[in-house]
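Asker: Let me begin by handing over the structure; questions about it come next.
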Amino acid sequence: MFCEDESTFLYDSISRKVWVLKGREYRRYVTGSHQKVHAYGFLSENGKKMFALKNNLNAEEFLKVLSAFLHKFKRAILILDKAPWHKKSKKVQRYLKKHRRELKIIWFPTGCPEMNPVEESWRQAKNEVNGGRVHKSFEVMENELRYFLKYTEFKQDMVEYLSP
């Protein structure tokens, strides 16, 4: 059983709480860039995972990632949120119907991101990769994000997340 989610990572620093000496001014450096990368993530209850970084967040990219996921894991129960590119796309619905023997879909309730354990992975990644610093380039940030998602062991208790 896997949960899936997407998140967008901006090429900029994320503000954190900081200590500043009284009377001193705090300065936060920003890139001013609008570059971003979209991450698609799958996590299972037994620690298996797959992450993919893409330039777009839409049905076409989701289908590419979903196809790669199915190629890697062969069969799965997949819990999805009701993002428009999951639920409303005719292409995605046709793909899910075509692969219904290999891929069983369960839908998260509408408006319940706190039930999705992948959300915690995004929080950790944004805190670690973008938290309070600016990277030398967008490519450096993207590579660091890719490395973090590949090598970090996410140990979310799926039963705890999925129980309201």
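Asker: Which residue, V134, V118, V65, has the most motion in a Gaussian network model of the chain that connects Cα atoms within less than 10 Å?
Answerer: The residue that fluctuates most here is V134.
Asker: Excluding the sites themselves, what is the longest stretch of the chain that contains no chymotrypsin sites (Phe, Trp or Tyr not before Pro) in a DSSP loop with at most 14 other C-beta atoms within 10 Å?
Answerer: Values: sites that count: W19, Y26, Y29.
The reported range is 30-164.
Asker: Per residue of the chain, what 222 nm ellipticity follows from adding -39500 (n - 2.57) for every DSSP H run with n ≥ 4, rounded to the nearest 500?
Answerer: Numbers: 6 runs with 55 residues, N = 164.
Theoretical 222 nm ellipticity from helices: -9500 deg cm²/dmol.
Asker: Still on this structure, I have one more. If I fit a long axis through the Cα atoms of helix 138-151 and take the longest principal axis of the Cα atoms of the chain, what angle between them do I get, 0 to 90°, rounded to 10?
Answerer: 60 degrees
Asker: With the convex hull built on the Cα atoms of the chain, state its orientation-averaged projected area in nm². Present the calculation step by step, with values, prior to reporting the outcome.
Answerer: Values: hull surface 45.5 nm².
Taking the Cα atoms of the chain, their convex hull projects to 11.4 nm² on average.
Asker: Moving on to the next point. For the chain, modelled as a GNM with alpha-carbon contacts under 10 angstrom, which of L63, L21, L145 fluctuates the most?
Answerer: Ranking L63, L21, L145 by mean-square fluctuation puts L21 first.
Asker: Nearest-5 percent of antiparallel DSSP beta bridges in the chain?
Answerer: Values: 15 of 23 bridges.
Rounded to the nearest five, the antiparallel share is 65 percent.
Asker: When we measure straight from the Cα of K74, which aspartates and glutamates land under 17 angstrom away, once same-chain ones fewer than 8 places off are left out?
Answerer: Cα-Cα hits under 17 Å: E4, E45, E102.
Asker: Net charge near K54: determine it from the other residues with C-beta under 12 Å of the C-beta of K54, scoring Lys and Arg +1 and Asp and Glu -1.
Answerer: Combined, the nearby Lys, Arg, Asp and Glu give -1.
Asker: Name the residue from S89, F51, T110 whose Cα lies farthest towards the positive end of the charge dipole of the chain, charges +1 on Cβ of Lys and Arg and -1 on Cβ of Asp and Glu.
Answerer: S89
Read-outs throughout are calculated quantities, based only on the coordinates presented, and are distinct from any laboratory measurement. The structure presented is a predicted model; accordingly, all values stated were derived computationally and were not measured. Cβ: placed from backbone, ideal geometry, glycine included. Neighbour counts: every protein chain shown.
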